[in-house]
Amino acid sequence: SFLKAARIDAGVAPADAGPGALAGAIAYETKDARDFLSGNGVGAFAKTQFNTNGSVFTNSLSGYGRYEGFDFLAYGTIGKGDTYKAGDGQEVIGTKTDLLSGLFKLGWEAPSGDRFQISHERVRDDAIRPFRGNIGFISGRPAWEPRTRRYEIDRQNTVFTYSRTSAIGLWDPKAVIAYSRTEVDTPIFDRPIGANPPVTYPGTGITDSFNGKFENRFGFGDFGSVTAGVDFYKDKALYKDRNFRVSEKASNLGIYAQARLKPFERMRLSFGLRGDRQWFTG
């Protein structure tokens with residue numbers, strides 16, 4: 001309901017897509033109140049849907065408003081349901097729905113054209129999933145290892161953005177500061193000698209990232225533009241349970257410039273350059 005645009009850079013990504021984007025990049029942009037209201041006012045909508053396969057109820061509620069230079073948007077979704085069945089009538093394990101998500105945006109646009117926006121998103125999923133959520137079942141595993149287990153996933157993203165609604169000559173800046181955190185809790189199964197049934201205990205994985213960029217787009221009319229800037233990230237990962245604890249961290253500082261030019265009607269040129277310095281500990 002709130003997806004505004006999706007940009008896909010196939011193959012080797014441009015220099016301004018960020019560090020390490022050697023296999024391409026995907027960027028999503030969500031809507032804000034300005035996409036629903038042309039002037040001062042408020043609005044809201046509710047949406048509910050039911051899927052007979054799994055008896056899944058999904059309900060969404062949103063509200064948004066604009067007043068002078070301020071705008072806000074709030075959106076929430078809750079989904080509940082059982083596992084669904086495949087085309088052959090067999091139940092597909094690990095497909096239960098138990099989802100809670102929300103998005104909040106607050107923005108202010110000054111008369112000068114400078115815009116400031118902060119957003120916060122949170123998604124929580126808590127249900128029985130395949131034992132290995134990424135690859136499913138592996139043959140040859142111990143007989144006492146279950147096919148499914150409970151995964152509780154909590155993801156949060158907070159983003160602050162500064163931009164201009166219109167360029168002043170060659171001055172068209174954008175600054176982004178973001179913090180994201182994901183926590184995964186799931187039971188760990190162990191079977192010490194003589195233990196029957198297996199012993200379980202909680203395991204937790206936490207990743208977080210503090211990152212940002214500052215760039216300016218130098219526009220040359222119909223001829224194209226050049227975007228230049230700096231970006232960084234500071235990432236950490238931690239896994240812990242009662243018997244094991246391991247962590248790693250990585251930091252990166254990059255500088256880049258990317259040209260997108262159209263010298264002639266049937267000719268487009270795209271080329272860029274970036275340099276990165278990374279520090280890794282793990």
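The values are calculated or read from the model by the stated rules, or taken from the named source; none is laboratory data. Because the structure is a prediction, the values reported are computed rather than measured. All Cβ positions, even for glycine, are placed from backbone atoms using ideal geometry, and neighbour counts span all protein chains on display. The area values use the complete protein model at the heavy-atom level, side chains included, leaving out ligands, DNA and RNA. Shrake-Rupley method; radii C 1.70, N 1.55, O 1.52, S 1.80 Å.
Could you calculate the FRET efficiency of T207 with N40 from 1/(1 + (r/R0)^6), where r is the beta carbon distance between them and R0 is 41 Å, rounded to 0.05? Could the numbers behind the result be given before it?
Details: r = 41 Å, r/R0 = 1.00.
It comes to 0.50.
Looking at the stretch 17-76, the pairs of alpha carbons with a distance over 18 Å make up 57% of the total. In order along the stretch 76-82, the Karplus-derived 3J(HN,Hα) couplings, from 6.51 cos²θ - 1.76 cosθ + 1.60 at θ = phi - 60°, round to x, 9, 10, x, 9, x, 9 Hz, and Gly and Pro are given as x.
When you filter the trypsin sites (Lys or Arg not before Pro) in the stretch 223-280 for DSSP loop state and at most 13 other Cβ atoms inside 10 Å of their Cβ, you are left with R242, R266. As a fraction of the 1.4 Å probe accessible area of the stretch 170-214, surface on carbon and sulfur atoms comes out at 63 percent.
Taking the 1.4 Å solvent-accessible surface of the stretch 1-149 as the whole, the part contributed by carbon and sulfur is 57%.
Give the label of the value calculated from the structure for Rg and Dmax of the Cα atoms in Å, choosing from (i) 23.6, 77; (ii) 19.3, 58; (iii) 21.9, 72. Looking at Rg and Dmax of the Cα atoms in Å for this model, the match is (i). Projected label points at F50 and E265, each 7 Å from Cα along the beta carbon direction, are separated by 5.7 nanometres.
Rounded to the nearest Hz, the phi-derived 3J(HN,Hα) couplings of the stretch 3-8 under the Karplus curve 6.51 cos²θ - 1.76 cosθ + 1.60 (θ = phi - 60°) are 7, 8, 7, 10, 10, 10, where x marks glycine and proline.
The GNM of the chain, with springs linking C-alpha atoms under 10 angstrom apart, assigns the highest mean-square fluctuation among T77, T165, T227 to T165.
Number of Lys-Lys pairs in the chain with C-alpha atoms under 16 Å apart and a separation of 8 or more places or on different chains: 11. Computed over neighbours whose Cβ is under 13 Å from that of R274, the net charge equals -2, Lys and Arg +1, Asp and Glu -1.
In a fully extended conformation the segment linking R147 and D9 would gain 46.0 nm over its present Cα-Cα distance, using 0.36 nm per residue. In sequence order, the stretch 46-62 has phi-based couplings of 10, 9, 9, 9, 10, 10, 5, 7, x, 6, 9, 9, 10, 10, 10, 9, 9 Hz under the Karplus curve 6.51 cos²θ - 1.76 cosθ + 1.60, θ = phi - 60°, and Gly or Pro positions carry x.
Only sites in a loop by DSSP and with at most 13 other Cβ atoms within 10 Å count here; which chymotrypsin sites (Phe, Trp or Tyr not before Pro) in the stretch 232-282 make the cut?
When the chymotrypsin sites (Phe, Trp or Tyr not before Pro) of the stretch 232-282 are filtered for loop state and at most 13 Cβ neighbours within 10 Å, F244 remain.
In the context of the full set of protein chains, residues of the chain present 63 Å² of accessible surface per residue (probe radius 1.4 Å, heavy atoms only). Remark: spin-label model distance F214-A250 equals 2.5 nm, labels positioned 7 Å along the Cα→Cβ axis. Structural descriptor for the stretch 1-138: relative contact order 15 percent, calculated from alpha carbon pairs under 8 angstrom and at least 6 residues apart.
Exposed loop sites, defined as GluC sites (Glu not before Pro) outside DSSP H, G, I, E and B with at most 12 other Cβ atoms within 10 Å, are absent from the longest region of the chain, namely 69-264.
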